[in-house]
Amino acid sequence: MSIAAAQPLEAVSFPRLFSPFRIRGVALRNRVVFQPHFTALGGLDGMPSEDHVAYHEARARGGAGLTVFESQAVHPAGKMSRRFVSAWDPAVIPFYRRLTGRVQAHGTKIFGQLTHGGHTSLERPPHLLWAPSQMPEPSSHFSTKAMDPEDIEATIRGFAASARNAMEGGFDGVEIKVAHDGLLRSFASPFFNRRTDGYGGSFENRMRLSVEVLDAVKRATARDFPVGVRICLDEFTTFGYDLAYGLRMAAHLESTGGVDYLNSDAGSFSSYWMEIPPAAVAAGSFRGLNAALKKQSHLPVVAFGRIAPPGLAEAMLADGEADLIGFARQLVADPDTPDKLRRGEAHLVRPCIACNDACIYQVGQEKGIRCVHNPAAGRERDIDEPLAVEAGRRRKIVVVGGGPAGLKTAEIAARRGHDVVVLERAARLGGQVALAARQPEHQAIAGVTDHLEAMLRHLGVAIRLGVAATPEILARERADRIVIATGSEPNLPAAPEEGAGRSPALELGRQVEPDIPGLALPFVHSGDDVMSGAVRLAGRVLVIDNNGHWEGAGTAEFLADNGCSVEVATPDFMVGGDIESGARTLFYRRAAIKNIAIRGGLALKSIAPGRATFSPVFSAAGTRGFGRYLLVPGGDVVIEDFDAVVAVIGRRSREDLYHRCRSSALLAGIPIERVGDCVAPRLIESNILEAHRLGARL
């Protein structure tokens, strides 16, 4: 079966999204705003980097009307990370001028966001944290210093100095953060602010610091210099303030006359998943918050919150729910989103899949921002996908495997002018992504391979489905280069394919099956079997999670949604320990709702009919001598009375075809590469980056 180059989807127009707009005296070419977010691209000395410049220039070149440079600290005590930009320091001004000049050269305006981190920090342990009242953020164990009057004065001076530096550095405006993290929201919040002096007690007193900051910023900058506010409309906790209070905050700040626009926001560190909502929080969920703010305000309003698909942005503008549309992760995933939409190429937009695995998860560890399927994110100085270097000589490239790694290799090779053919043995593309997309609240992950398929069709790549490649088939292709991207499979005992015998990789000791009795029993299945529909289970199901990511957690939830009574056992402290914390928190919440039982610290020893035996990872056994420093298994723990076991205990590369091709006389002299899981089973981000690099050198 072959797929020819497809015609693009019916073009969708965005007349309102691409209409001009003004914020005070600043003219914007369209309504697309690249929302501020910490990137961890700065130096440990508090100075920005050339990576910042390249990162924001890419989004300006891609068509954004306004970009808001990330949260920058206004005082040493306000740095949530050592990599926060020290905005109060005049030493940043020369960098600001390089950044703003490069962004503005593309017709994009640039504002800077200013903040004091207050009681929130990414560092472990943090520096001394300032807060209105001494208490830890509920999601943290670290307490705070209740601010003295001189601390408050220093903070106000820091905001003013930072705004002045931004103006001198060429920024078109600034944005004051009273949002999901930071000091100003905590002063405004009745939960966090228990003071009874002039900065607490009454609503007006709780808002006093924000008002004084705005006044100081206005006095420190030119009369026509825009000053906006990022405003948390709802803390989304059981103890915090709600939308009604958030709207009251916004109205109070607007009444001062010192605010030129409002940028909507929600959540807090105690509801991190509402700050940067993962896929489990439905796209468009915050539409009502944006509309409520716009309804009461006479100021320009920037909308926020997983605004997808792009048509939703146009609808919100048409319905008067906002004046501008804020995108953060969508433009991390695809900086060219605005230009693609403007050209009628919505089908070629690389969608944000809201996994949070590379952007938020890595930034939370103070590592430079990344995206699981945009390898250029945070690496713009090294990787420029839209301007892929044309190959010196056009070659025929055959890629075997239609998962993420194979498709990405094919895309980059085709961008460079090669004649590319993709062979896939299944009836559809996607590989493991197609299975993962069937998991509850995980459907958006299909956007990775859907986008790559759209790009291959756009580039005219030949895709042949239902082709199980062999050296003989590949020899008939007369390729100049062959790339094997055959993925991986569950590392469980499996009957060999007819006539194939046992896998050479296993025979040669290149791969090792787990030495756990009972894995070959007929009621033991893989996660792939479940998610592909090869088996349909019922009754009580025991899931073994040695994966630590969605392969185990998502499969367990899928079974629960399909009527099974599910218990999950893992040797780790928790199921899904490697999942981004917000997404994992929501999984645990759903697991509780769906009565999924979870047992941690149990290592599987054996399986028998209706009985699985485990060893506690931590026990009191074997404490003589150096034994006290070893994880000596404890006495048996038995789980009984189940109908089936789903063992998610690792994967092994499908590498046999690669080695057969390398040793085949039919393919002698043809360079053969491999990429993705068939090299080593990994997550999408690693495979996509490796595939990009391979495609760039073919």
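The values are calculated or read from the model by the stated rules, or taken from the named source; none is laboratory data. Quick caveat, the model's predicted, so the values are computed rather than measured. Note: ideal-geometry Cβ built from the backbone for every residue, glycine included; neighbour counts use all protein chains shown.
Kindly indicate whether any position in the range 621-636 is in contact (Cβ under 8 Å) with a residue 40 or more places away in the chain and surrounded by 14 or more Cβ atoms within 10 Å (Cβ to Cβ). No; the residues of the range 621-636 include none that is in contact (Cβ under 8 Å) with a residue 40 or more places away in the chain and surrounded by 14 or more Cβ atoms within 10 Å (Cβ to Cβ). Go through the residues of the range 423-437 one by one and say whether even a single one is outside any helix (DSSP H, G or I), hydrophobic (A, V, I, L, M, F, W, C) and at pLDDT below 95. No, every residue in the range 423-437 fails to be outside any helix (DSSP H, G or I), hydrophobic (A, V, I, L, M, F, W, C) and at pLDDT below 95.
Take the conditions crowded, with 17+ Cβ neighbours inside 10 Å, among the hydrophobic types (A, V, I, L, M, F, W, C), without any contact (Cβ under 8 Å) to a residue 60 or more places away in the chain and at negative phi and apply them to VAL259. Does it pass? Criteria met by VAL259. Within the range 427-484, which residues are under 28 Å from ARG662 (Cβ atoms), aliphatic (A, V, I, L, M) and either free of Cβ contacts under 8 Å to residues at least 12 places away in the same chain or surrounded by 20 or more Cβ atoms within 10 Å (Cβ to Cβ) (or both)? Passing the criteria: LEU429, VAL433, LEU452, LEU456, VAL461, ILE463, ALA469, LEU474, ALA479, ILE482, VAL483, ILE484.
Condition check ((1) buried (at least 23 other Cβ atoms within 10 Å of the Cβ); (2) of a type in the set (A, V, I, L, M); (3) closer than 30 Å to ARG98 by Cβ) across all residues:
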site	(1), (2), (3)
HIS127	no, no, yes
SER140	no, no, no
MET147	yes, yes, no
ILE152	no, yes, no
ARG157	no, no, yes
ARG164	no, no, yes
GLY169	no, no, yes
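With a requirement of 3 or more residues that are at pLDDT 95 or above and under 28 Å from the mean Cα position of the chain (by Cα), the helices (runs of 4 or more DSSP H) lying completely within the range 104-216 that satisfy it span 183-188. The residue pairs whose first member lies in the range 676-698 and is of a type in the set (Asp, Glu), whose second member is at pLDDT 95 or above and in a helix (DSSP H, G or I), and whose beta carbons are closer than 7 Å, counting only pairs six or more residues apart or on different chains, are ASP677/ALA405; ASP677/ASN687; GLU690/ALA405; GLU690/GLY676.
I'd like to know if the range 521-541 contains one or more residues that are touching a Phe, Trp or Tyr at 6+ places or on another chain (Cβ under 6 Å) and more than 30 Å from MET274 (Cα to Cα). Yes, that holds for at least one residue.
Being more than 27 Å from GLY107 (Cα to Cα), buried (at least 24 other Cβ atoms within 10 Å of the Cβ) and either at pLDDT 95 or above or of a type in the set (A, V, I, L, M, F, W, C) (or both) is a description that applies to LEU293.
Could you tell me whether THR39 is more than 30 Å from HIS298 (Cβ to Cβ) and either of a type in the set (Asp, Glu) or touching a residue at least 12 places away in the same chain (Cβ under 8 Å) (or both)? Against the criterion (more than 30 Å from HIS298 (Cβ to Cβ) and either of a type in the set (Asp, Glu) or touching a residue at least 12 places away in the same chain (Cβ under 8 Å) (or both)), THR39 qualifies.
Evaluate the following for GLY392: is it touching a residue at least 24 places away in the same chain (Cβ under 8 Å) and of a type in the set (Gly, Ala, Ser)? It is false that GLY392 is touching a residue at least 24 places away in the same chain (Cβ under 8 Å) and of a type in the set (Gly, Ala, Ser).
Only one of the listed residues (VAL530, VAL535) is surrounded by 16 or more Cβ atoms within 10 Å (Cβ to Cβ), more than 25 Å from the chain's Cα centre (by Cα) and of a type outside the set (Gly, Ala, Ser). That residue is VAL530. No other residue among MET531, MET574 is of a type in the set (A, V, I, L, M, F, W, C), assigned to a loop (DSSP other than H, G, I, E, B) and touching a helix residue (DSSP H, G or I) at 6+ places or on another chain (Cβ under 8 Å) apart from MET574. Taking the range 299-387 as the region of interest, the helices (runs of 4 or more DSSP H) fully inside it that hold 1 or more residues being surrounded by fewer than 22 Cβ atoms within 10 Å (Cβ to Cβ) are 310-318, 337-342, 360-363.
All conditions but one from (1) over 23 Å from MET531 (Cα atoms); (2) of a type outside the set (Val, Ile, Thr); (3) over 29 Å from the mean Cα position of the chain (by Cα) apply to LEU689; the one that does not is (3). Per the listing LEU66, LEU114, the residue uniquely in contact with a Lys or Arg (Cβ under 8 Å, 6 or more places away or on another chain), in contact (Cβ under 8 Å) with a residue 60 or more places away in the chain, within 20 Å of ASN30 (Cβ to Cβ) and assigned by TED's automatic domain parsing to the domain that holds MET167 is LEU66.
Within the range 593-608, being more than 17 Å from ASP545 (Cα to Cα) and either loosely packed, with under 10 Cβ neighbours inside 10 Å or among the hydrophobic types (A, V, I, L, M, F, W, C) (or both) holds for ILE593, ALA608. When the range 267-298 is filtered for residues that are among the hydroxyl-bearing types (Ser, Thr, Tyr) and part of a helix (DSSP H, G or I), the ones remaining, listed by number, are SER270, SER271, TYR272. So for the range 467-478 (the condition being in contact with a Lys or Arg (Cβ under 8 Å, 6 or more places away or on another chain), charged (D, E, K, R), not in a strand (DSSP E or B) and not assigned by TED's automatic domain parsing to the domain that holds ALA354), does at least one residue qualify? Scanning the range 467-478, I find at least one residue that is in contact with a Lys or Arg (Cβ under 8 Å, 6 or more places away or on another chain), charged (D, E, K, R), not in a strand (DSSP E or B) and not assigned by TED's automatic domain parsing to the domain that holds ALA354, so the answer is yes.
Residues in the range 131-169 that are out of contact with any His (no Cβ under 7 Å at 6 or more places or on another chain) and of a type in the set (A, V, I, L, M, F, W, C): MET135, PHE142, ALA146, MET147, ILE152, ILE156, PHE159, ALA160, ALA161, ALA163, ALA166, MET167. Listed conditions (1) without any contact (Cβ under 8 Å) to a residue 12 or more places away in the chain; (2) in a helix (DSSP H, G or I) are all met by ARG59, apart from (1).
ARG611 meets all of the listed conditions (1) within 30 Å of SER270 (Cβ to Cβ); (2) touching an Asp or Glu at 6+ places or on another chain (Cβ under 7 Å) but one, namely (1).
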